[in-house]
Amino acid sequence: MRITALAGGVGGARFLRGLLRHLSRTTSPEHLEHEPVELTVIGNTGDDITLFGLRVCPDIDTLLYTLGGGIHEGQGWGRADETHHLAEELAALGATPQWFTLGDKDFATHVFRSQLLGQGMPLSAVVERLSARWGLGEQGVTLLPMTDTPVETHVVVADGDGSRAIHFQEWWVRHRAELPAERFVVAGLDRAAPAPGVLEAIRGADVVLLPPSNPVVSIGIILGVPGIRDALRGTRAPVVGVSPLVGGRPVRGHADVCLRTIGVAETSEAVAGLYADFLDGWLVDEDDPMRPRSGLEVVHRPLLMSSGEAAADLAGAALDTALRLRAGRTIA
Ligand code: GDP
Ligand code: CA
């Protein structure tokens, strides 16, 4: 069975780790038992940034570290058991910026990636090398960046009488999304091509899953890569997503601010509307007021991934919904 998922960082990674856990504990439905699962993850690269001359891919690295067992659980990003000697020395030198935390082990990833990119290797090939380090292949996982083209999300913020654009990470990490944003501008997105294998993974999937990643700056950016949205509209696979909102608020981060910035209400219903042209199933919280509608199966479930087991239950519910929709299509 081929499962394809789009993912940002922490929300996407935790959900996908839950999916792997669900699959490993699953003895039914029967057809899963003998059929190996191939999971292809299409990661957001809009968060990517160059710091100290190094290319940093926060969402891709969060996926690698989480699925590979090296993540700092408390933070949700970065490496477990980190030290910060390099950052301290850079600060002593007066190097900037100092608002983005990079640990020593994490730095090694960025040095290696930048070395390979500097030798002309495309990002997708670099991600393949990093995936080998983290044992993703042994778990049946292929991680693909959404594109090999450098893409960067910027945020246009008010500045005196005018406005200026700052990198998404500066807005998100340094200013905690508190600087009033006018809009998002994604440099390079219009001329970005999907990375090798991305469209094939969507078109050839049996099931497509959207984890509860940020609908604006994670999933929304991936959908902006020319060709990806069309592939989702055209795929025969059911597309099932999970709302990132519980009680009208994101579980973590500032997705509510992002939604307001693009003029979309902070409700699961409005988020589903962003995916309306290809979404078949939508998981919302138990108390969510959203009701089923024609063409969209709405499933109420506990949405909090408060433990590995809870994440596995949530991912299992999303997969079961997709398999049910798929079975219905085969019969129809
Ligand atoms: P980021 O790139 O690290 O910000 O991570 P993602 O874009 O993949 O995911 C961020 C989104 O995940 C946020 O909007 C959160 O509301 C959502 N999220 C985080 N934890 C949970 C959870 O336990 N349940 C649900 N439903 N959403 C979550
Ligand atoms: Ca992100």
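The values are calculated or read from the model by the stated rules, or taken from the named source; none is laboratory data. These numbers were taken from a predicted model, which means no experiment stands behind them. Reconstructed Cβ throughout: ideal geometry from the backbone, glycine too, with neighbour counts over all protein chains shown. SASA here: full protein model, heavy atoms, side chains in, ligands and nucleic acids out. Shrake-Rupley method; radii C 1.70, N 1.55, O 1.52, S 1.80 Å.
Just wondering, is there one or more residues in segment 73-80 that are within 19 Å of G11 (Cβ to Cβ), within 16 Å of ligand 2 (Cβ to nearest atom) and touching an Asp or Glu at 6+ places or on another chain (Cβ under 6 Å)?
Scanning segment 73-80, I find at least one residue that is within 19 Å of G11 (Cβ to Cβ), within 16 Å of ligand 2 (Cβ to nearest atom) and touching an Asp or Glu at 6+ places or on another chain (Cβ under 6 Å), so the answer is yes.
Regarding segment 4-11, can at least one residue be identified that is assigned to a helix (DSSP H, G or I), within 16 Å of ligand 1 (Cβ to nearest atom) and in contact with a Pro (Cβ under 6 Å, 6 or more places away or on another chain)?
Here is the first cut: in segment 4-11, the ones assigned to a helix (DSSP H, G or I) are 10-11.
Filter again for within 16 Å of ligand 1 (Cβ to nearest atom), leaving 10-11.
Adding the requirement that they be in contact with a Pro (Cβ under 6 Å, 6 or more places away or on another chain) leaves 11.
Yes, the conditions are met somewhere in segment 4-11.
Conditions tested, residue by residue: (1) touching a strand residue (DSSP E or B) at 6+ places or on another chain (Cβ under 9 Å); (2) open to solvent by less than 30 Å² (accessible area, probe 1.4 Å); (3) among the small types (G, A, S).
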position: T62; (1), (2), (3): yes, yes, no
position: G74; (1), (2), (3): no, no, yes
position: G78; (1), (2), (3): yes, yes, yes
position: E128; (1), (2), (3): yes, no, no
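Can you tell me how many residues within segment 243-252 are open to solvent by less than 10 Å² (accessible area, probe 1.4 Å) and in a strand (DSSP E or B)? Lay out the reasoning, then the answer.
Going through segment 243-252, the residues open to solvent by less than 10 Å² (accessible area, probe 1.4 Å) turn out to be 243, 245.
Those still in the list that are in a strand (DSSP E or B) too: 245.
Of the residues in that region, 1 qualify.
Among the helices (runs of 4 or more DSSP H) confined wholly to segment 176-242, which include 2 or more residues that are within 13 Å of ligand 1 (Cβ to nearest atom) and either in the same structural domain as G162 (by TED's automatic domain parsing) or surrounded by 22 or more Cβ atoms within 10 Å (Cβ to Cβ) (or both)? Don't jump to the end; show me each part of the working.
On the way: elements: 198-203, 219-223, 228-234.
By residue number, 219-223.
Is segment 4-22 home to any residue that is of a type in the set (V, I, T), more than 20 Å from A311 (Cα to Cα) and modelled with pLDDT of 95 or more? So that I can check it myself, show each step before the final result.
At the first step, the residues of segment 4-22 found to be of a type in the set (V, I, T) are 4, 10.
Now restrict to residues that are more than 20 Å from A311 (Cα to Cα): none.
No, there is no match, as no residue in segment 4-22 is of a type in the set (V, I, T), more than 20 Å from A311 (Cα to Cα) and modelled with pLDDT of 95 or more.
Got at least one residue in segment 259-275 being in contact (Cβ under 8 Å) with a residue 60 or more places away in the chain, of a type in the set (V, I, T) and over 20 Å from A237 (Cα atoms)? If you could, list the steps in order and put the result at the bottom.
First, the residues of segment 259-275 that are in contact (Cβ under 8 Å) with a residue 60 or more places away in the chain: 261-262, 275.
Narrowing the set further to residues that are of a type in the set (V, I, T) leaves 261-262.
If we keep only those that are over 20 Å from A237 (Cα atoms) as well, we get 261-262.
Yes: one or more hits.
Within the set of pairs 6 or more residues apart or between chains, which connect a residue that is within 18 Å of T50 (Cβ to Cβ) and in a helix (DSSP H, G or I) inside segment 84-97 to a residue that is aromatic (F, W, Y) and open to solvent by 50 Å² or more (accessible area, probe 1.4 Å) with Cβ atoms less than 7 Å apart?
Taking only residues 6 or more apart or on different chains, the pairs are L90/F52.
Tell me which residues, restricted to segment 243-281, are among the acidic types (D, E) and either within 16 Å of ligand 2 (Cβ to nearest atom) or not assigned by TED's automatic domain parsing to the domain that holds T321 (or both).
Within segment 243-281, just D256 meets the criteria.
Would it be correct to say that D148 is under 19 Å from A5 (Cα atoms), open to solvent by less than 60 Å² (accessible area, probe 1.4 Å) and either of a type in the set (S, T, N, Q) or over 19 Å from the mean Cα position of the chain (by Cα) (or both)? Talk me through it step by step, then tell me what you get.
Values: under 19 Å from A5 (Cα atoms): yes; open to solvent by less than 60 Å² (accessible area, probe 1.4 Å): yes; either of a type in the set (S, T, N, Q) or over 19 Å from the mean Cα position of the chain (by Cα) (or both): no.
For D148, the condition - under 19 Å from A5 (Cα atoms), open to solvent by less than 60 Å² (accessible area, probe 1.4 Å) and either of a type in the set (S, T, N, Q) or over 19 Å from the mean Cα position of the chain (by Cα) (or both) - is not met.
I'd like the full set of residues that are touching a strand residue (DSSP E or B) at 6+ places or on another chain (Cβ under 7 Å) and exposed (fewer than 14 other Cβ atoms within 10 Å of the Cβ), limited to segment 263-303.
Those that are touching a strand residue (DSSP E or B) at 6+ places or on another chain (Cβ under 7 Å) and exposed (fewer than 14 other Cβ atoms within 10 Å of the Cβ): E286, R291, P292.
Restricting the search to segment 36-50, which residues are open to solvent by less than 30 Å² (accessible area, probe 1.4 Å) and under 22 Å from A192 (Cα atoms)?
Our first condition is that a residue be open to solvent by less than 30 Å² (accessible area, probe 1.4 Å); within segment 36-50, this holds for 39-49.
Result: T40, V41, I42, G43, N44, T45, G46, D47, D48, I49.
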